[in-house]
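Asker: Structure provided below as structure tokens; questions to follow.
The values are calculated or read from the model by the stated rules, or taken from the named source; none is laboratory data. A quick note: this is a predicted structure, and the numbers were derived from the prediction, not measured. Ideal geometry is used to build each Cβ from the backbone, glycine not excepted, and the neighbour counts take in all protein chains shown. Note: areas computed on protein heavy atoms with side chains; ligands, DNA, RNA excluded. Shrake-Rupley method; radii C 1.70, N 1.55, O 1.52, S 1.80 Å.
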Amino acid sequence: MRVKFNLNDDVVTFDGDPNEKLITLLRKIGKTSTKIGCEKGQCGFCNVLLDGKNVSSCRIPVGMLSEKNKITTWEGLLKSDNERYISEGFRKANIHLCAYCKSSKVLLAHELLERGFTPEELEDFTERFSCTCTEKSVFIRGIKFAYGFKKKAEMMQGKKNRDDERFFDEPRIFETKNVSKLLKSVGKTEGVQFIGGCTAIDYLPEKFVRMRDVTDLKRFNKWDSYFSIGPELTLSELEDLGKKLPPLMLQAIKTIANRTIRNMATLAGNIFSETNGTKHTLYAPLLALDTKLEFSTAKSEIRTETKSVPLSKIGDFDMEKWVFTSLKVPNEEWDVEIFKRIGPDNVITEESASYAFLVQAKGNNIAAIKIAFAGKVVFRSTEFENQLIGLKLPLSETAVAEKIAFAEKIFDYSCVTQKKEVSPFVKSQFLNLLRFSLERLA
């Protein structure tokens, strides 16, 4: 069957199976910006514009197209005004799209910029993508910025604005690369919130500081007794430090999503983020390592105050007016270091959790032990650890069984005190990991 249609303002002639999917043809002829995803029309990766509207090219047989139809891929937008507005808007929102979803998200933004949109429509449209390289709220903000750039350009050209009700007030973004200036400004401005990569929020606040731009918070030092780590270092920057990092921390970082996500996510964002009440990956290893978080605030024009808060006590600390400036991780050597992550790869669910186990031996006895588990519930019990310190190695099967039974009671108590319900799967995984770790000492 011979079919002709318009592709990026060029006429394409196809002579073949009319049931061949459009995504297959596009990639054959070199339009590789359009990606193959779920092939069920649900993920959004293969989207193109069909007569100006976003459609899934994996669901469109080539035989349904005609000369009246215009297909637009990302390549067809490269020199358009909208592509420039979108690039500027995404840059202002600090969006760095991955290569897999970039084409589709730009095409979606293009359609919205062409026809205008309500806040409700914008929410609905941005639900169409499964890629999580960019937080939904940040993606929405980037489209709003792009829309604002387009309207500003039209007004400067003397065009009448017919969509006043669709303008969006831009939030006030505070930017600085200097911590001392940041501390002074925080004390003078009410309602400022701090936003870092990987921070899980639904909407950008009215006034915020983009913390990953503060270069003073991206330092790393290794001292005799501790590591001093800047909270705005990205996970990929930390990964690149390699053996300079505490081994347990490096193990955990390598399990987080993929390199693209690690390029954007920051250490602070991972610590403070929760997904449906589930802690993210680094929480357990940092908890086991007895990490302390340092916060600073300006008391006057010339004086600052610093507080050091154990991660285990962070829930009791009122962070208002304080800036998270550094992590302090003890520099210790451990004879046994185990990190495990449970749940699906590359996504956080209610069945996700991380587990950390550290042991120092002296002679044939356990001299120090740290055990942490963090997901829907957080487990770290000095009472349990103290029961293990001093035990003779190797541990007997009876001793392991007794300690597992005791740990189960403490785990259940932790769920009650934290008012969290965890699935039997999560609990059994914790107990299995603990048994595996203790049996390594046998």
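Asker: Find the all-direction average of the projected area of the Cα convex hull for region 291-335, expressing the result in square nanometres with one decimal place.
Answerer: On the way: hull surface 15.6 nm².
That works out to 3.9 nm², a quarter of the Cα hull's surface.
Asker: Shifting gears a bit: If I take the Cα coordinates of region 241-387 and project them onto the principal axes, what are the three extents in Å, biggest first?
Answerer: Extents along the principal axes: 55, 37, 30 Å.
Asker: I've got another one for you. With the other protein chains left in place, how much accessible area per residue, in square angstrom, belongs to the chain at a 1.4 angstrom probe?
Answerer: Result: 50 Å² per residue.
Asker: Taking only the alpha-carbon atoms of region 348-434, what semi-axes of the equivalent ellipsoid follow from 5 times the gyration tensor eigenvalues under a square root, in whole Å, largest first?
Answerer: Working: eigenvalues 125, 31, 27 Å².
Each semi-axis is the square root of five times an eigenvalue, giving 25, 12, 12 Å.
Asker: Which GluC sites (Glu not before Pro) does region 267-325 hold that lie in a coil by DSSP with at most 10 other beta carbons within 10 Å?
Answerer: Sites meeting the loop and neighbour criteria: E301, E320.
Asker: Turning to a different aspect of this structure: Would you mind classifying region 200-318 by shape? Square roots of the alpha carbon gyration tensor eigenvalues, ordered a ≥ b ≥ c; an a/c under 1.5 is rounded, otherwise it is prolate if a/b is larger than b/c and oblate if not.
Answerer: Working: a/c = 1.42, a/b = 1.16, b/c = 1.22.
Taking the square roots of the gyration eigenvalues as a ≥ b ≥ c, region 200-318 is rounded.
Asker: Something else: What does the highest-first list of 9-16, 335-342 look like by mean Cβ count within 10 Å? Provide the component values of the computation, followed by the final result.
Answerer: Values: 9-16: 11.5, 335-342: 17.5.
Ranked from most to least packed, the peptides come out as 335-342, 9-16.
Asker: So what does L289 come to for accessible area, using a 1.4 Å probe and Å² rounded to 10?
Answerer: Counting only protein heavy atoms, L289 exposes about 20 Å² to solvent.
Asker: Also: For region 43-82, what class follows from the C-alpha gyration tensor (a ≥ b ≥ c being the square roots of its eigenvalues): rounded when a/c is under 1.5, otherwise prolate if a/b is larger than b/c, else oblate?
Answerer: Working: a/c = 2.50, a/b = 1.32, b/c = 1.90.
Since a/c reaches 1.5 but b/c is at least a/b, the shape of region 43-82 is classed as oblate.
Asker: What list of ³J(HN,Hα) values in whole Hz, one per residue of region 249-262 in order, does the Karplus curve 6.51 cos²θ - 1.76 cosθ + 1.60 (θ = phi - 60°) give from phi, with Gly and Pro shown as x?
Answerer: 5, 5, 4, 5, 4, 5, 8, 7, 6, 9, 4, 4, 5, 5
Asker: When only alpha-carbon atoms count, how far does region 76-157 stretch along each of its three principal axes, as whole angstroms with the largest first?
Answerer: Cα extents, longest axis first: 37, 27, 22 Å.
Asker: Also, I was wondering about something else. How large is ³J(HN,Hα) for each residue in region 144-154, as worked out from phi by the Karplus curve 6.51 cos²θ - 1.76 cosθ + 1.60 (θ = phi - 60°), to whole Hz, x for Gly and Pro?
Answerer: Listing the rounded values in order: 5, 4, 4, 5, x, 4, 5, 5, 5, 5, 5 Hz.
Asker: Another question about this same structure. Specify, per residue and in Å³, the volume enclosed by the convex hull of the alpha carbon atoms belonging to the chain. Could the numbers behind the result be given before it?
Answerer: On the way: hull volume 80.1 nm³, N = 442.
That works out to 181 Å³ per residue.
Asker: Additional query: Could you pull out the pairs from K28/K150; K136/K307; K79/K144; K102/K150; K92/K279 whose alpha carbons sit more than 25 Å apart here? Don't skip to the answer; put the middle values down first.
Answerer: On the way: K28/K150 34 Å; K136/K307 33 Å; K79/K144 21 Å; K102/K150 20 Å; K92/K279 29 Å.
Where the Cα-Cα span goes over 25 Å, the pairs concerned are K28/K150; K136/K307; K92/K279.
Asker: Would you work out what percent of the accessible area of the chain, with all protein chains in place, is carbon or sulfur (probe 1.4 Å)?
Answerer: Values: 10450 of 22180 Å².
Solvent-exposed carbon and sulfur of the chain make up 47 percent of the total.
Asker: Indicate, rounded to the nearest 5 percent, the antiparallel portion of the DSSP beta bridges found entirely in the chain. Write out the running numbers ahead of the final one.
Answerer: On the way: 54 of 62 bridges.
Looking only at bridges with both residues in the chain, the antiparallel portion is about 85 percent.
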